[in-house]
Amino acid sequence: MQLRTRTLNLSRPRVMGVINCTPDSFSDGGRYLDVDAAVAHAERMLAEGADIIDVGGESSRPGATPVPEAEECRRVVPVVRTLVERHGCVVSVDTMKPAVMRAACAAGAELINDISALRGAGAIRIAAATGAGVCLMHMQGEPGTMQRAPHYDGVVREVTAFLATRIAACRAAGIPSTRLCVDPGFGFGKRIEHNLALLARLDSLQALGVPLLVGMSRKSMLGDLTGRAVSDRLAGGLAAVTIAVLRGAQIVRTHDVAATVDAVKVAWAVKGATEQMG
């Protein structure tokens, strides 16, 4: 996958570590508002094997309060800049706002991770101009209302069709497929049955012709299945990651890097052995 200044080698699955520079994220809100704390946590994730660090300054949990773009920039840009200057690592910016995309990429971000799939006013134009890679995610509704009454006639078909439309829009705006990956958006406007259907048939999204990114770490779907609190969903998350890799996921987004790196290695080895056996 082509990023802003380099190519991300996806000959094996890559692990993306999450940094939420927010006071209200569902899992770790308030822990990494300070730049030094955020950078230190990112450094731990890099040491644990993270290939990408995803920095966000606005919570996307159901009912989250929107953040002004100036405040979002204030939260994420110093973290992005420090990580790139110190480590030269691949940094992704998790944002829907064009101004934040521009500022983060100017600070060194290589990838734009947009839960609204560049549907915001001016977003697709700014993303094209940055030269960054882009992750297009499916979300039914908006973060504030998405879990009230999500409905699909065929969730896999509808998610696939939406992502195909956004890929086409990006290509028309000058963002080639080589700069794109897609995320089915587990938990974003989806009930447990929708999430399970998408995971079971994740391999069907490979027909889109771009890499697949998944993020299921600590999410409510795991709580629904296991009855575990947010802080105790690691085992369920590793099971979901293993299934996702076996079904074609090439980038895995997680809060728990070390354990996820190990799970991905095992799943990838099994996938390779299966393919060799035909």
How many residues are within 27 Å of Gln206 (Cβ to Cβ) and surrounded by fewer than 21 Cβ atoms within 10 Å (Cβ to Cβ) when one looks only at region 217-233?
-> 3
Can you tell me which of Arg12, Arg4 is open to solvent by 50 Å² or more (accessible area, probe 1.4 Å), modelled with pLDDT of 95 or more and in contact with an Asp or Glu (Cβ under 7 Å, 6 or more places away or on another chain)?
-> Arg4
Looking at this structure, is Gly49 buried (at least 17 other Cβ atoms within 10 Å of the Cβ), at pLDDT 95 or above, in a loop (DSSP other than H, G, I, E, B) and small (Gly, Ala, Ser)?
-> no
When you go through Leu198, Leu238, Leu246 one by one, which is the residue that is at pLDDT 95 or above, of a type in the set (A, V, I, L, M) and open to solvent by 60 Å² or more (accessible area, probe 1.4 Å)?
-> Leu246
Output the residues belonging to region 148-183 that are aromatic (Phe, Trp, Tyr) and more than 20 Å from Leu213 (Cβ to Cβ).
-> Tyr152
Does region 52-69 hold any residues that are in a loop (DSSP other than H, G, I, E, B) and either buried (at least 18 other Cβ atoms within 10 Å of the Cβ) or modelled with pLDDT of 95 or more (or both), and which are they?
-> Gly57, Glu58, Ser59, Ser60, Arg61, Pro62, Val67
Residue check: is Ala127 assigned to a helix (DSSP H, G or I) and within 24 Å of Pro66 (Cβ to Cβ)?
-> yes
Region 163-195, residues that are of a type in the set (D, E, K, R), assigned to a helix (DSSP H, G or I) and either under 17 Å from the mean Cα position of the chain (by Cα) or surrounded by 22 or more Cβ atoms within 10 Å (Cβ to Cβ) (or both) | Arg166, Arg179
Can you spot a residue in region 83-105 that is crowded, with 22+ Cβ neighbours inside 10 Å, touching a Lys or Arg at 6+ places or on another chain (Cβ under 6 Å) and either aliphatic (A, V, I, L, M) or without any contact (Cβ under 8 Å) to a residue 60 or more places away in the chain (or both)?
-> no
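The values are calculated or read from the model by the stated rules, or taken from the named source; none is laboratory data. If you're wondering where the values come from, they're calculated on a predicted model, not measured in any experiment. Glycine gets a Cβ as well: all are built from the backbone with ideal geometry, and neighbour counts include every protein chain shown. These area figures cover heavy atoms from the full protein model, side chains too; ligands, DNA and RNA do not enter into them. Shrake-Rupley method; radii C 1.70, N 1.55, O 1.52, S 1.80 Å.
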